1. If I filter the stretch 9-61 down to residues being assigned to a loop (DSSP other than H, G, I, E, B), hydroxyl-bearing (S, T, Y) and within 15 Å of the chain's Cα centre (by Cα), which single residue comes out as surrounded by the fewest Cβ atoms within 10 Å (Cβ to Cβ)?
2. So if I check each of L140, L130, which one is in a loop (DSSP other than H, G, I, E, B), at pLDDT below 70 and either surrounded by fewer than 15 Cβ atoms within 10 Å (Cβ to Cβ) or among the polar types (S, T, N, Q) (or both)?
3. Any residue at all in the stretch 100-121 that is at pLDDT below 95, of a type in the set (A, V, I, L, M), surrounded by 15 or more Cβ atoms within 10 Å (Cβ to Cβ) and within 19 Å of D66 (Cα to Cα)?
4. I'd like to verify a number: residues in the stretch 20-79 that are free of Cβ contacts under 8 Å to residues at least 24 places away in the same chain and aromatic (F, W, Y), how many?
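The values are calculated or read from the model by the stated rules, or taken from the named source; none is laboratory data. Just so we're clear, the structure is a prediction, and the values are computed from it rather than from any experiment. Cβ coordinates were reconstructed from backbone atoms using ideal geometry, including for glycine residues, and neighbour counts include every protein chain displayed.
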Amino acid sequence: MIFRVLQDVKKLLSSPERWTRGTLARNRKGKTNWQNSNAESFCMTGAVNRIIYDLAIDNKAKVWTDTMAALFDAITADAKEPLYIQRKGGQAMTLYRMIARFNDKSTYNDIIRILDKAIESEEQKFFKTLRMQEKGIGPLPKDLHP
């Protein structure tokens with residue numbers, strides 16, 4: 001499922017005009033809700049929200065968390081120097097805030113590169129699990145299908 005969500009997010013952000021910074025979504029008039037049907041561009045998190053919102057599944061919260069974790073892993077793996085989770089008011093920064101900060105400080109090409117890395121990682125997980133299943137090590141999880 002995460003593989004599919006990431007692919008759909010990449011499709012939604014298919015051009016620089018479909019991507020934004022500083023807000024979850026925009027329309028012709030400016031900032032808007034990511035659920036708004038006239039939203040024309042999305043940040044990475046807004047795009048994840050929109051794709052998952054449109055899915056007909058029961059476990060949206062888990063899919064959202066797993067998708068954000070996959071993006072976070074791709075961002076940290078891509079970092080040229082260690083990323084430190086900054087603390088504000090004693091609380092660790094959430095995945096949401098880390099990904100939003102990355103989105104707002106990055107270029108469109110950076111966003112697509114991270115999506116590609118996350119998609120590739122999820123695809124590798126799928127094939128690794130498939131090979132394990134073929135060896136009789138375990139069943140293929142339902143949510144791992146690409």
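1. So the residue we want is S14.
2. From the options L140, L130, the qualifying one is L140.
3. yes
4. 3
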